[in-house]
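First comes the structure, then the notes that go with it.
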Amino acid sequence: MYGIVELRKLKVSDYEEAKAVMLRAYGDWGAYWREEQIAKLIQKFPEGQLVICVNNKIVAVALSIIIDYSRFGTNHTFREVVGDYSFSTHNPKGDTLYGIEIFVEPKQRGRRFGRRLYDARKELCEEMNLRGILFGGRMPNYHKYKDQLSPKEYLRKVKSREISDPTLNFQMSNDFHPIKVMQNYLPGDAESGDYAVLLEWDNIYYQQEKAIIHKSNVRLGLIQWQMRLYKSEAEMLEQAEYFIDALAAYRADFALLPELFNAPLLANYNHLNEAEAFRQLSTHTESIKKTMAHFAVKYNINIITGSMPEVINNQTYNVGFLCKRNGEIDRYEKIHITPDETKYWAIKGGTQIKTFDTDCGKIGVLVCYDVEFPELGRLLAEQGMRILFVPFLTDTQTAYHRVRHCAQARAIENECFVAICGSVGNLPKVENMDIQYARSAVLTPCDFAFPDTGVKSEATPNNETVLVADVDLSLLEDLHSRGSVNNLKNRRTDLYEVIRKDTEQK
């Protein structure tokens, strides 16, 4: 397991733990913030002091203040901008978030915690309607070139990738652009030759009048997966990581994979009958789950893993996992099993019907055939579901359209968004998995605030691709109260209702 990841505000009681991480992060430099300084920052601007914890242990810290850009502009030193370390320069009515510090536990580097802190700063900047983020970036590799290159020439070569500077390269890859080389910004920084690069990120949502911005958009990423033969599980997961990385680059909140996306690995068990081969495929499930959980944290994206076989008490189930970007993992089950799945793979239907809490609200997952049963969608809607994810696997257009039309009905009757995602291509060496057909899509209710057709976006049929679409959850709230029709409100519960036969969620 990779641990539970939590992003939260820094507390004064965290000081000793945060100090220890900082000392390890900076090694021989030996500098660290004093407790009274951290306490003052928290007192002045608690929202700007952030930590990332793994299993309740601090692994990364970010400190910041708000300044008035017109007071400092692009000509200042670090000591000046932090008010000689008193932070008297913090101005709650200012217009710019100024980054004071980010450091990461050395053993935790490579898990993109620095990027997550930068993303959190950007979100804070948008929420507070600030014009942007500003900070001085070190040039830790400049000392290797200072006899041959001026700071300006060094920066130009870093930007063109002729020279590698891990700090500047990382910051620029996170959408920060250099605006000036500053001399004597942080005296004593021998590695940088006492130079620094002033970096800036512009908030495109900034409004001069300090309007309150309520963000309700959720970005969905669907991976329309090509079924192809892989030499190993690692090779298959490398392809999955490629798509997850691409969706993360578009700042998607979710990545959805199709049902049984790992079916190409069945080719390794063709010498067995279909049921036994499917059971052998389940030996990959645990390691795939752990790898997907790692990807979720690494790329800061919630991953819905489609589905995979799992054997419990000698029974084979079709299950999937919601791997959250905070490190948590939830499990869901396919409830209804098709006749062919029973005949060839001896799958048993699950019993779990529940929604999942995410950082984008409540979601539900119904695997393929399950979406053809309206009772399940209704039960999830009654639990507060706003987005329904449907990973599917269909061989023919007729099978696909059963899933597609039923998913569209679920969006209308439950007043929610529905994302369906399937596989394409052929697996000639895998029994009972010869061909696939899919056209992944994001579907909506049909009312004035939504597309007339109820189709937000859809992929090219039968091509490997990703589909990225934004859905606005605030439109659902408006639909519930002021829609042309109110499917959820107008049910005749005096005549009928949908209930579980047992109330215990297994």
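The values are calculated or read from the model by the stated rules, or taken from the named source; none is laboratory data. No experiment lies behind these values; they were computed from the predicted model shown. Note that we place each Cβ from the backbone using ideal geometry, even for glycine, and neighbour counts take in every protein chain shown.
If a residue counts only when it is among the aliphatic types (A, V, I, L, M) and either in contact with a Phe, Trp or Tyr (Cβ under 9 Å, 6 or more places away or on another chain) or in contact (Cβ under 8 Å) with a residue 24 or more places away in the chain (or both), which strands (runs of 3 or more DSSP E) contained entirely in the stretch 426-506 have at least 3 such residues?
In the stretch 426-506, the matching strands (runs of 3 or more DSSP E) lie at 441-443, 465-472.
Going by the conditions given, is Phe254 closer than 25 Å to Leu427 by Cα and either among the hydrophobic types (A, V, I, L, M, F, W, C) or free of Cβ contacts under 8 Å to residues at least 60 places away in the same chain (or both)?
It is false that Phe254 is closer than 25 Å to Leu427 by Cα and either among the hydrophobic types (A, V, I, L, M, F, W, C) or free of Cβ contacts under 8 Å to residues at least 60 places away in the same chain (or both).
Among the numbered criteria (1) acidic (Asp, Glu); (2) assigned by TED's automatic domain parsing to the domain that holds Leu376; (3) over 20 Å from Thr355 (Cβ atoms), which single criterion is violated by Glu415?
All conditions pass for Glu415, except number (3).
Return the residues of the stretch 229-251 that are without any contact (Cβ under 8 Å) to a residue 12 or more places away in the chain and either outside any loop (DSSP other than H, G, I, E, B) or buried (at least 23 other Cβ atoms within 10 Å of the Cβ) (or both); say none if nothing qualifies.
Ala234, Glu235, Glu238, Gln239, Tyr242, Ala249
With respect to His271, determine if the residue is within 25 Å of Leu379 (Cα to Cα), of a type outside the set (D, E, K, R) and part of a loop (DSSP other than H, G, I, E, B).
Considered against the rule, which asks whether it is within 25 Å of Leu379 (Cα to Cα), of a type outside the set (D, E, K, R) and part of a loop (DSSP other than H, G, I, E, B), His271 comes out as no.
Please determine whether any residue of the stretch 32-39 is surrounded by 17 or more Cβ atoms within 10 Å (Cβ to Cβ), touching a residue at least 12 places away in the same chain (Cβ under 8 Å) and in contact with a Ser or Thr (Cβ under 7 Å, 6 or more places away or on another chain).
No, every residue in the stretch 32-39 fails to be surrounded by 17 or more Cβ atoms within 10 Å (Cβ to Cβ), touching a residue at least 12 places away in the same chain (Cβ under 8 Å) and in contact with a Ser or Thr (Cβ under 7 Å, 6 or more places away or on another chain).
If we keep just the residues of the stretch 288-305 that are hydrophobic (A, V, I, L, M, F, W, C) and part of a strand (DSSP E or B), which is surrounded by the most Cβ atoms within 10 Å (Cβ to Cβ)?
Ile304
Mind checking which residues of the stretch 356-374 are assigned to a strand (DSSP E or B) and either free of Cβ contacts under 8 Å to residues at least 12 places away in the same chain or among the aromatic types (Phe, Trp, Tyr) (or both)?
Answer for the stretch 356-374, where residues must be assigned to a strand (DSSP E or B) and either free of Cβ contacts under 8 Å to residues at least 12 places away in the same chain or among the aromatic types (Phe, Trp, Tyr) (or both): Phe356, Asp357.
Looking for whichever is of a type in the set (Lys, Arg), closer than 22 Å to Ala196 by Cβ and touching a Phe, Trp or Tyr at 6+ places or on another chain (Cβ under 6 Å) here; the options are Arg131, Arg71. Which one fits?
From the options Arg131, Arg71, the qualifying one is Arg131.
If I filter the stretch 128-156 down to residues being surrounded by 15 or more Cβ atoms within 10 Å (Cβ to Cβ) and assigned to a helix (DSSP H, G or I), which single residue comes out as nearest to the chain's Cα centre (by Cα)?
So the residue we want is Leu155.
Out of Cys406, Cys421, Cys416, I need the residue that is in contact with an Asp or Glu (Cβ under 7 Å, 6 or more places away or on another chain), of a type outside the set (Phe, Trp, Tyr) and buried (at least 17 other Cβ atoms within 10 Å of the Cβ). Which one?
None of the others qualify; the one that does is Cys406.
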